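Beneath this line is the structure, given in structure tokens, with notes to follow.
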Amino acid sequence: MYNTETTHKEYKNKDFHKRNPEKSAKAVISLALSVININLAASLALWTKSCGRLPLVLFYGAGTVVCFLLLWHYLQIAERRLKVHSLLWGIPVATAHVLGCLLRRDGTALHSLSRLPWLLMQILCLAVLAASCIAPCLIFCQNAGRKQRTNRQTSEDHRPQPDRQPRTGRPAWQIWLCSTVLILLGWIPVFLAYYPSVFAYDAEGQLYQVLAHDYSTHHPLLHTLFLGAFFRLGGSLPGSYPAGMAIHSVVQMLLMAAAFGYTLAWLAKRNVPFALRTGLLLFYALFPTNSVLALSTTKDVLFSALVLLATLSVCEMADGTKDSFQRRDWIRYVLFTTGMLLFRNNALYALLLSLPVLCFLLRAKKKSGLVSWRSCLAFTVLALVLSVAGNLALKTTLGAQNGSPREMLSIPLQQMARTRVKAEESLPPEMRQTLDQYIPSEWVFAAYNPYLADPVKNRAVIHDDPAGLIKTWIRLGLEHPQIYIDAFLDTSAGYWFLEDRSHAQIYGLGSESGFGYLSTDTRTMPAGCEIPQQSLLPGLRAVMEQIVSDNSYQNIPILRLLFAPAFYWWLLCLYMAAVIYKRQYTLLLPAVFLVCYYLTLLLSPAVLVRYMYPFVVTAPVLFCCLFRRPRTGGSIHEKV
């Protein structure tokens, strides 16, 4: 007995001495990385340069402790795959943060190639910290799924075999209707505050086309006709044109609320936790971006609803089978996809990019009985054909002119303009003379805005010699690659940098102008066609203007992240990281189009929240899907 106990104690002490150095090493590494990362964060942040000593001490002290705990927990993880997977996603997160902070602080992401190793070291250190934050999220998502599957299996074992339908007590149509009504109740006060509508963005240009019967494909023709129909209706009503725009606001509110209500019913059918659905309902009903854009005349509103509905159809495709995905499901998919393509010109390029990936993912899982990739290809091509035919028919009927290719040259022209502004003195006379053909020096220095390509894009000369423009762009880029990189990063920063604020003041700032996070200004129309603001709740309007025009939300820590366009991109990335980690690769299907659409946004002339609105309404839904229970079959019309 004595020998046994002695042997056991000796074994424990031996095992302790073996593991103790490893734990000590991890503790030292965690502490060292914590100190390095806190100093990096302080050096990259702007507020640390002007704050008092006490906030700085608290930041260093609390930050070091939090970082140490996160890194210590990360290094203690036994599963190597989780560590590597988290680190691979932490690298782009850290890269975005470092590049964004350097651009904001120094005006350039890389001063010289000699500093590249230091930049890479910064990214690597912060990537480990980012990985330590991502890993718990992945573990939480996986454990939630396991718990739901376990609970479901246990409940099924104790229920009679015939009773296998989930029972939450309400048919889906009731959830749809109640959610739609609650969302509308949240929007009606905002509608009264901004009565008759938020007549902003491209409304002026589109309605000028309607008035002059001189149409252009620069804006989607279907949306121009949709907006013009209510404008003309207002001309025949006693209230004149403002009454027509008020009807437009009501109709658009109904369409958007119905789409969001359908989404909540769809999530309920999949047994997504009630708390998540309630949070999403409150987000749709009360978040200022949703309520203000529901009244706005921009094409991005209805386009975002169609993207959301098309994404839900792809979700059905991802977890459906050849037998469960019926003809009506394909009809819905084609209708939503076709409408999506008709309401946004760049959606076509995104869908063409995503189609091969969709087919590949379905083909890779063909033995599991999922929807056939051939069916996906056929019906997607059908949607493409219908959208092209629809646009061609509208263009022919209206005699519309082709839009300018300037939109596709936004980033190249911005890069050339930045090079001229930053390196004018070092450019040889021959290159200056060549650049004068496209971006003359007479106006480029005054017009250039690092965050907005429109001033340069709209005035550049591109039709005389497009081939020469491309050659000049390539030649200039080879000589000044750093300036080209900075030009791209500055113009697109709001899409990937969480702390970017430039996107909320591109056109100006303040309630008086109606510019800020959202545009709520009233565009000028010809005499007799004006749309004056007739606010019925001026007090509420003043409060809303403080949020969306004065950007007062930026003073609220944490909450301001919900307003950042980049937040919804990283939320989508978290969804993709979770499904890849859980090896549920077919659940990547709903994210494929969004990723491809995001790539087209990176080439857009500016960062505006309306451009990212499809992500605002869709990414939270996909995140909620991570916590759903296994599908039980049936349709949206069955009880849930």
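The values are calculated or read from the model by the stated rules, or taken from the named source; none is laboratory data. Here the structure is a predicted model, which is why all the values come from computation and not from measurement. Because the Cβ atoms are built from the backbone with ideal geometry, glycine has one as well, and the counts that use them run over all protein chains shown. Calculation scope for accessible area: heavy atoms of the full protein, side chains included, ligands and nucleic acids excluded. Shrake-Rupley method; radii C 1.70, N 1.55, O 1.52, S 1.80 Å.
Checking the condition surrounded by fewer than 22 Cβ atoms within 10 Å (Cβ to Cβ) and modelled with pLDDT of 95 or more, which residue from Leu574, Leu603 passes?
Checking each option against the conditions leaves just Leu574.
Does segment 294-306 contain at least one residue that is in contact with a Ser or Thr (Cβ under 9 Å, 6 or more places away or on another chain), buried (at least 18 other Cβ atoms within 10 Å of the Cβ) and part of a strand (DSSP E or B)?
yes
Would segment 398-409 turn up any residue that is assigned to a helix (DSSP H, G or I), under 30 Å from Arg332 (Cβ atoms) and in contact with a helix residue (DSSP H, G or I) (Cβ under 9 Å, 6 or more places away or on another chain)?
Checked against the condition, which is being assigned to a helix (DSSP H, G or I), under 30 Å from Arg332 (Cβ atoms) and in contact with a helix residue (DSSP H, G or I) (Cβ under 9 Å, 6 or more places away or on another chain), segment 398-409 yields at least one hit.
Being assigned to a helix (DSSP H, G or I), within 17 Å of Asp300 (Cβ to Cβ) and open to solvent by 40 Å² or more (accessible area, probe 1.4 Å) is the filter here, so list the residues in segment 337-363 that pass it.
Those that are assigned to a helix (DSSP H, G or I), within 17 Å of Asp300 (Cβ to Cβ) and open to solvent by 40 Å² or more (accessible area, probe 1.4 Å): Leu348, Tyr349.
How about segment 496-601: which helices (runs of 4 or more DSSP H) wholly inside it have at least 1 residues that are within 18 Å of the chain's Cα centre (by Cα) and more than 24 Å from Gly205 (Cα to Cα)?
It comes to 565-581, 589-601.
(1) of a type in the set (D, E, K, R); (2) more than 21 Å from Ile485 (Cβ to Cβ); (3) surrounded by 15 or more Cβ atoms within 10 Å (Cβ to Cβ): which one isn't true of Arg104, the others all being true?
(2)
Since Gly508 meets every condition but one in (1) at positive phi; (2) buried (at least 22 other Cβ atoms within 10 Å of the Cβ), which condition does it not meet?
(2)
Within segment 464-474, take every residue that is more than 33 Å from the chain's Cα centre (by Cα) and surrounded by fewer than 12 Cβ atoms within 10 Å (Cβ to Cβ) and give me the one that is modelled with the highest pLDDT.
Top of the filtered list is Ala467.
Looking at (1) under 33 Å from the mean Cα position of the chain (by Cα); (2) free of Cβ contacts under 8 Å to residues at least 12 places away in the same chain, which is the one condition that is false for Ala453?
(2) is the only condition that Ala453 fails.
List pairs: first in segment 606-624 and closer than 16 Å to Leu518 by Cβ, second charged (D, E, K, R), Cβ under 7 Å, 6+ apart or cross-chain?
Close Cβ pairs satisfying both conditions: Ala606/Asp454; Arg610/Asp300; Tyr611/Asp300; Tyr613/Asp300.
Would you mind stating whether Ala78 is loosely packed, with under 14 Cβ neighbours inside 10 Å and not in a helix (DSSP H, G or I)?
Values: loosely packed, with under 14 Cβ neighbours inside 10 Å: yes; not in a helix (DSSP H, G or I): yes.
Against the criterion (loosely packed, with under 14 Cβ neighbours inside 10 Å and not in a helix (DSSP H, G or I)), Ala78 qualifies.
Does segment 260-289 hold any residues that are over 14 Å from Pro620 (Cβ atoms), touching a residue at least 60 places away in the same chain (Cβ under 8 Å) and either in a helix (DSSP H, G or I) or among the β-branched types (Val, Ile, Thr) (or both), and which are they? Lay out the reasoning, then the answer.
So in segment 260-289, the residues over 14 Å from Pro620 (Cβ atoms) come out as 261-262, 265, 268-271, 274, 288.
This time we only want the ones that are touching a residue at least 60 places away in the same chain (Cβ under 8 Å), so: 261-262, 265, 268-271, 288.
If the condition is that a residue be over 14 Å from Pro620 (Cβ atoms), touching a residue at least 60 places away in the same chain (Cβ under 8 Å) and either in a helix (DSSP H, G or I) or among the β-branched types (Val, Ile, Thr) (or both), then Gly261, Tyr262, Ala265, Ala268, Lys269, Pro288 are the ones that fit.
Would you check which residues across segment 210-230 are without any contact (Cβ under 8 Å) to a residue 60 or more places away in the chain and under 22 Å from Gly339 (Cβ atoms) and list them?
Of everything in segment 210-230, those that are without any contact (Cβ under 8 Å) to a residue 60 or more places away in the chain and under 22 Å from Gly339 (Cβ atoms) turn out to be Val210, Thr224, Gly228, Ala229, Phe230.
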